[in-house]
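The values are calculated or read from the model by the stated rules, or taken from the named source; none is laboratory data. Just so you know, these numbers come straight off a predicted model, no measurement behind them. Heads up, the Cβs are rebuilt from the backbone with ideal geometry, glycines too, and the neighbour counts pull from every protein chain shown. With ligands, DNA and RNA removed, areas are computed over all heavy atoms of the protein, side chains included. Shrake-Rupley method; radii C 1.70, N 1.55, O 1.52, S 1.80 Å.
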Amino acid sequence: MFRRLSYLVLLIVILLPGCASMGSGTVAEKRQSILAMKTQVLNQLYKQKPYVKEQIKSSPGYAVFSNANINLIVVSAGTGYGVVTSASGKNTYMNMAEGGVGLGVGAKDYRIVMVFHTQKAMDNFIKNGWTFGGNADAAAKITDKGASVQGEAYYGDVTVYTFTESGLALQATVKGTKFWPDTELN
């Protein structure tokens, strides 16, 4: 059993970096790609939940992330990238990685939007970037077809919206996520 689990972890480590990677390109091209993703995600969220636009306007800042996640039986892992934008328009480009344990199988490409309700919450996120929690979801979506469970959660001074872009997954995990500033892009 331990040997099989080791192979699964190794497979995740090999496959995961390409899932939500920025790929090649200049610093300017990578920044532009992240900002285009941010605009697309926000437009999609505003269409589903128009009130979020006012919530973001009145906040000290917000973050938008693109993430790919793989879950193989008892191990879950993911990687992604995004940007924190302050009310003044300053962008902090960030990376993310997650890992967890639980039951499930599948792979999904999903988006996260975080609205910070205090400057302290935003500064703490950029500086420390850790989250820890449970996650249960089901997704079966390819482009605009299919369905997924959409999430909205409140963590103190942060509201977090998640939605699946594409993928097929059924999972219940306990996981930790680390966000950190991208030294190349900042």
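Observations
- Inter-label distance, nm, simple model (7 Å from Cα along the C-beta direction), residue 24/residue 87: 4.3
- Heavy atoms of residue 184 accessible to a 1.4 Å probe, total area in Å² rounded to 10: 90
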